[in-house]
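Input: one structure, supplied below.
The values are calculated or read from the model by the stated rules, or taken from the named source; none is laboratory data. Since the model is a prediction, treat every value here as computed from it, not as a measurement. Neighbour counts are summed over all protein chains in view; Cβ atoms, including those assigned to glycine, are modelled from backbone coordinates with ideal geometry.
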Amino acid sequence: MCKMVKERRDIPVIFLMEIDDEVNYESVFYGVKSLLFGLPVSFVVMVLIYRAFANKFSYGFTLPWMSILSVIVAVFVIVSSAIVYSGAKIKKENIIDALKQENK
């Protein structure tokens with residue numbers, strides 16, 4: 001949906017074809033992509049923080065699974081709300097006017 005805002009000439013075609021499934025797949029793709037980049041980095045940071053404080057405290061390393069799960073849910077909520085917001089913003093625009101402005 002974000003790329004649809006940038007490519008204004010494709011918006012009327014997309015809405016005439018009513019491709020809502022593509023928008024849903026795109027939001028899932030953005031969520032998964034952000035998690036694939038973010039989760040490994042956060043695991044590395046957690047291990048580095050553990051190693052930095054391991055000699056000062058005596059506790060074992062455990063992954064905070066509930067926090068990780070809440071972050072995964074939050075990522076999908078944020079990405080989905082951004083997609084829904086941009087879709088609502090685009091749907092408010094007049095398709096004919098968008099085509100006229102593109103041809104000028």
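I need every pair where a residue in region 56-73 that is among the β-branched types (V, I, T) has its Cβ under 7 Å from the Cβ of a residue that is surrounded by 10 or more Cβ atoms within 10 Å (Cβ to Cβ), sequence separation at least 6 or different chains.
Going by the 7 Å Cβ cut-off, the qualifying pairs are I72/L35.
Would you confirm, using the coordinates I've provided, whether V45 is modelled with pLDDT of 85 or more and loosely packed, with under 10 Cβ neighbours inside 10 Å?
Here the answer is no, as V45 does not meet what is asked.
Look through region 79-91, keep the residues that are more than 16 Å from V32 (Cβ to Cβ) and not aliphatic (A, V, I, L, M), and return whichever of them is modelled with the lowest pLDDT. First the steps, then the outcome.
If we filter region 79-91 for residues that are more than 16 Å from V32 (Cβ to Cβ), which is where we start, we get 81, 84-91.
Retained after the next criterion (residues that are not aliphatic (A, V, I, L, M)): 81, 85-87, 89, 91.
On the way: S81: 85, Y85: 80, S86: 73, G87: 71, K89: 71, K91: 68.
The qualifying residue modelled with the lowest pLDDT is K91.
A further question follows. What do you reckon, is F76 at pLDDT 90 or above, part of a helix (DSSP H, G or I), out of contact with any strand residue (DSSP E or B) (no Cβ under 7 Å at 6 or more places or on another chain) and not aliphatic (A, V, I, L, M)? Give the derivation first.
Details: at pLDDT 90 or above: no; part of a helix (DSSP H, G or I): yes; out of contact with any strand residue (DSSP E or B) (no Cβ under 7 Å at 6 or more places or on another chain): yes; not aliphatic (A, V, I, L, M): yes.
So F76 does not fit the description; no.
Just to check your reading of the model, which residue among V23, V28, V71 is at pLDDT below 85, out of contact with any helix residue (DSSP H, G or I) (no Cβ under 7 Å at 6 or more places or on another chain) and surrounded by 12 or more Cβ atoms within 10 Å (Cβ to Cβ)?
Step by step, each of V23, V28, V71 is checked, and only V28 is at pLDDT below 85, out of contact with any helix residue (DSSP H, G or I) (no Cβ under 7 Å at 6 or more places or on another chain) and surrounded by 12 or more Cβ atoms within 10 Å (Cβ to Cβ).
Using beta carbons and a limit of 7 Å, which pairs, at least six apart or on different chains, have the first residue in region 34-53 and over 22 Å from F76 (Cα atoms) and the second one surrounded by 10 or more Cβ atoms within 10 Å (Cβ to Cβ)?
Y50/F61
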